């Protein structure tokens, strides 16, 4: 189960089919490496990747410019206007949907990636986050791994297939969407489903923002497939106070009260709880590791979890920790209105990722117990979207 904001939607696509698909793509790329067009394909991939990184697509700006830029490249490669659609609920919030026509012997397959990125303030970075930079074999810039790398990959491969005259037995649809990072259901895939379902109607859907691959010493050793999704929920903590003047301070301070509650929360962890997906994940990962790590991973697959092993894994890896439990973390703070006045309101935002079988109300009640202060009000910020766990077959 991937812990990113984004899910891997496979519909009824069996795991074997997904692996075969990855092998086909990998084989096609390997074959291309032997051809004389290798350098031009790689160059184009880098150009598209760089272009996407340097188009700022934060929530405040929107992804329309990026969608239109990719549409220009697709038209130049021979895609007709009838197969390219740039559309969305607002002028600056548009999505790109493109179709590579096949023989039609089978129903289409849909590939997804999102164009929007989380805001990045230049003062928080050691270089401009919206400039594409390569250094010592790594790419830097907002969106290099979440997830403009996959968007660039989809576009360059569509262009390559088009130029090669490739005709699959089913249409290949690629949708690059906006507003994924904001969790806004008024755009992106939800908007396309509600307003233009015919454009993305497909038998299978693969979201490149879920799962991943691993290459060691040039050898493909792993393909992760996400079969579940943690539920995104944010809570607001709020403390109200009568306030006063800073020249006459009192002990009852909204900021202090909120801060003390947050400290208690920082020392709390939700219980470890696994499902079919995570238990199988730890079991399979154990076979790829050695020594103490392999032993701890194996212990997670036992009917009765060894908590010492769980604690070691959780402390050594934020990824493993998030796989095994619901998590809540403070991400935003706001308090006071003047430097010479006692705060009358102090607020914090907690962003939580719930295990698929967890309940938002149960989590809220747990937070209230941990905060242990009746003056800290806890309320939902967003409406969670249920994501029930899937049984592995």
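Structure notes:
- For region 234-254, the count of residues that are under 29 Å from residue 388 (Cβ atoms) and buried (at least 19 other Cβ atoms within 10 Å of the Cβ) is nonzero.
- Residue 211 being outside the structural domain of residue 365 (by TED's automatic domain parsing) and within 22 Å of the chain's Cα centre (by Cα): yes
- Residue match in region 70-89 (condition: crowded, with 18+ Cβ neighbours inside 10 Å, out of contact with any strand residue (DSSP E or B) (no Cβ under 6 Å at 6 or more places or on another chain), more than 23 Å from residue 172 (Cβ to Cβ) and in the same structural domain as residue 188 (by TED's automatic domain parsing)): no
- Residue under evaluation residue 155, criteria (1) more than 30 Å from residue 378 (Cβ to Cβ); (2) surrounded by fewer than 21 Cβ atoms within 10 Å (Cβ to Cβ), criterion not met: (2)
- Residue satisfying condition, being free of Cβ contacts under 8 Å to residues at least 60 places away in the same chain and out of contact with any helix residue (DSSP H, G or I) (no Cβ under 8 Å at 6 or more places or on another chain), within set 207, 217, 187: 217
- Residue in region 152-163 that is modelled with pLDDT of 95 or more, over 19 Å from residue 73 (Cβ atoms) and in contact with a helix residue (DSSP H, G or I) (Cβ under 9 Å, 6 or more places away or on another chain) present: no
Conditions tested, residue by residue: (1) crowded, with 17+ Cβ neighbours inside 10 Å; (2) in the same structural domain as residue 254 (by TED's automatic domain parsing); (3) farther than 23 Å from residue 269 by Cβ.
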site: 305; (1), (2), (3): yes, no, no
site: 309; (1), (2), (3): yes, no, no
site: 331; (1), (2), (3): no, yes, no
site: 335; (1), (2), (3): yes, yes, yes
site: 355; (1), (2), (3): yes, yes, no
site: 360; (1), (2), (3): yes, yes, no
site: 385; (1), (2), (3): no, yes, yes
site: 390; (1), (2), (3): no, yes, yes
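- Test: residue in region 101-120 that is touching a strand residue (DSSP E or B) at 6+ places or on another chain (Cβ under 6 Å), assigned by TED's automatic domain parsing to the domain that holds residue 209 and in a loop (DSSP other than H, G, I, E, B): yes
- Some residue of region 357-373 being part of a strand (DSSP E or B) and out of contact with any helix residue (DSSP H, G or I) (no Cβ under 9 Å at 6 or more places or on another chain): no
- Tally, over region 298-316, of residues that are under 12 Å from residue 283 (Cβ atoms) and not in a loop (DSSP other than H, G, I, E, B): 2
- Residue within region 133-140 that is buried (at least 18 other Cβ atoms within 10 Å of the Cβ) and either within 30 Å of residue 230 (Cβ to Cβ) or in the same structural domain as residue 104 (by TED's automatic domain parsing) (or both) present: no
- Near pairs, Cβ below 8 angstrom, 6+ apart or cross-chain, from region 236-256 (on the phi > 0 side of the Ramachandran plot) to any residue that is modelled with pLDDT of 95 or more and part of a strand (DSSP E or B): 243/341; 243/342; 244/341; 244/342
The values are calculated or read from the model by the stated rules, or taken from the named source; none is laboratory data. As the structure is a prediction and not an experimental result, all values here were calculated from the model. Note that we place each Cβ from the backbone using ideal geometry, even for glycine, and neighbour counts take in every protein chain shown.
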